[in-house]
Amino acid sequence: MHVVLHRPEIPGNTGNVGRLCAGSNIWLHLVRPMAFELDNRYLKRAGLDYWPNVKLCVHPDFASIEAIFGRERMYFLSKKAAAIYTDADLGPGSVLVFGSETTGLSDEMLERFADRTLRIPTTDKVRSLNLSNAVAIVTYEALRQQAWAPIL
């Protein structure tokens, strides 16, 4: 399974996601441009000493992600999506794509992959969930659907 952070902006969130990926045996893919470098102290602090255990790939652009995985395995998380993440078949090899903290995924990307978009239900009292929390919610649903196979 794979988590993709498209143009992440907050190193602490990416560090938390790195720690999640290390603890769940999931690949983390970071798509440039990023608002920080990988040696950022906040990134490292949030990920603690788990970074050596993170299966990490950094990509120059989203086209490289698409070339590797193809659309059939990818799911795009957005508050604008109609389908709810628990209704998707998040089986082995799923690629969960999350946008940046301030802008999410572009409208162009969401239109292009409209049949592959999912959302986490929330009330109208918040604009969005924290990125690392959203990644954890969807990732652990995918692991549950896979009977925890990647980690047991």
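Values quoted throughout were computed directly from the atomic coordinates according to the rules given, and no laboratory measurement underlies them. These figures come from a predicted structure and were not determined experimentally. Cβ coordinates were reconstructed from backbone atoms using ideal geometry, including for glycine residues, and neighbour counts include every protein chain displayed.
The set of residues in region 103-135 being part of a helix (DSSP H, G or I) and surrounded by fewer than 17 Cβ atoms within 10 Å (Cβ to Cβ) consists of Asp107, Glu108, Glu111, Arg112, Ala114, Asp115, Asn133. Selection over region 76-98 of residues that are without any contact (Cβ under 8 Å) to a residue 60 or more places away in the chain, surrounded by 14 or more Cβ atoms within 10 Å (Cβ to Cβ) and outside any loop (DSSP other than H, G, I, E, B) gives a count of 3.
Can you go through Asn40, Asn25 and tell me which one is polar (S, T, N, Q) and touching a helix residue (DSSP H, G or I) at 6+ places or on another chain (Cβ under 6 Å)? Of Asn40, Asn25, the one residue that is polar (S, T, N, Q) and touching a helix residue (DSSP H, G or I) at 6+ places or on another chain (Cβ under 6 Å) is Asn40. The residue list Leu43, Leu48, Leu30 contains one member that is under 21 Å from Gly104 (Cβ atoms), touching a residue at least 24 places away in the same chain (Cβ under 8 Å) and assigned to a helix (DSSP H, G or I), which is Leu43.
Taking region 72-96 as the range and being under 15 Å from the mean Cα position of the chain (by Cα) and within 12 Å of Arg116 (Cβ to Cβ) as the test, the residues that pass are Arg73, Met74, Tyr75, Phe76, Leu77, Ser78, Tyr85, Leu90, Ser94, Val95, Leu96.
Taken as a whole, region 15-36 holds at least one residue that is aliphatic (A, V, I, L, M), over 13 Å from Val4 (Cβ atoms) and under 11 Å from the mean Cα position of the chain (by Cα). Of all residues in region 1-27, those that are in a strand (DSSP E or B), under 17 Å from Ala142 (Cβ atoms) and in contact (Cβ under 8 Å) with a residue 40 or more places away in the chain total 4.
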